[in-house]
Amino acid sequence: MEHSTDIQNSLLKFNDLQDFYARMVIVADGKRKEEFQEKMKYRSFDELRKNRRVTFLSYDALIKQYEQEIERQAFDLIL
C-alpha cells in the first residue's frame, strides 16, 4: 500500500517491485482516481496494468471497509 502525494512516483516504486507477488494499492482522495487511471496508461506501467497488480482505493472506501469489518467482528456467530 502506498499513500503518497505523487502517484507517478508510487507507480514507479511498484514497477520496481513487480517481481514480488503482492497486491499493491494507491490510497488517496477519491478525486485523484482519474489521475491514477491516466498514469496507469503510461507505457512504463504496461506490466502493472496488464497483470492488474495495482489498484486504487479512496479514503472513503477504506473507511467504509474498516467500519464494515468492525461491525462484522461484533457478531457472536458468523454463518
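Taking label positions 7 Å along the Cα-Cβ direction at both ASP6 and VAL25, the computed distance is 2.4 nm, reported to one decimal. Based on C-alpha pairs under 8 angstrom that are at least 6 apart in sequence, the chain has a relative contact order of 32 percent. For the chain, lysine pairs with C-alpha atoms less than 23 angstrom apart, excluding pairs fewer than eight positions apart on the same chain, total 13. Heavy-atom accessible surface of the chain, averaged per residue, reaches 81 Å², computed with a 1.4 Å probe.
Assign unit charges at the C-beta atoms only (+1 for Lys and Arg, -1 for Asp and Glu), then state the dipole size of the chain relative to its Cα centre in Debye, rounded to the nearest 20. Each step should come with its number before you reach the end.
On the way: 14 positive and 15 negative charges, 82 e Å.
Dipole of the chain, to the nearest 20 debye: 400 debye.
Label sites at ASN51 and LYS64, each approximated as a point 7 angstrom past Cα along Cα to Cβ, lie 2.9 nm apart. Based on every Cα atom in the chain, Rg and the maximum pairwise Cα distance Dmax equal 15.1, 49 Å.
Ligands, DNA and RNA left out, the accessible area of the chain computed with a 1.4 Å probe is 50% carbon and sulfur.
The values are calculated or read from the model by the stated rules, or taken from the named source; none is laboratory data. These numbers were taken from a predicted model, which means no experiment stands behind them. When we count neighbours, we look across all protein chains shown, and the Cβ atoms used for this are built from the backbone with ideal geometry, even at glycine. The area values use the complete protein model at the heavy-atom level, side chains included, leaving out ligands, DNA and RNA. Shrake-Rupley method; radii C 1.70, N 1.55, O 1.52, S 1.80 Å.
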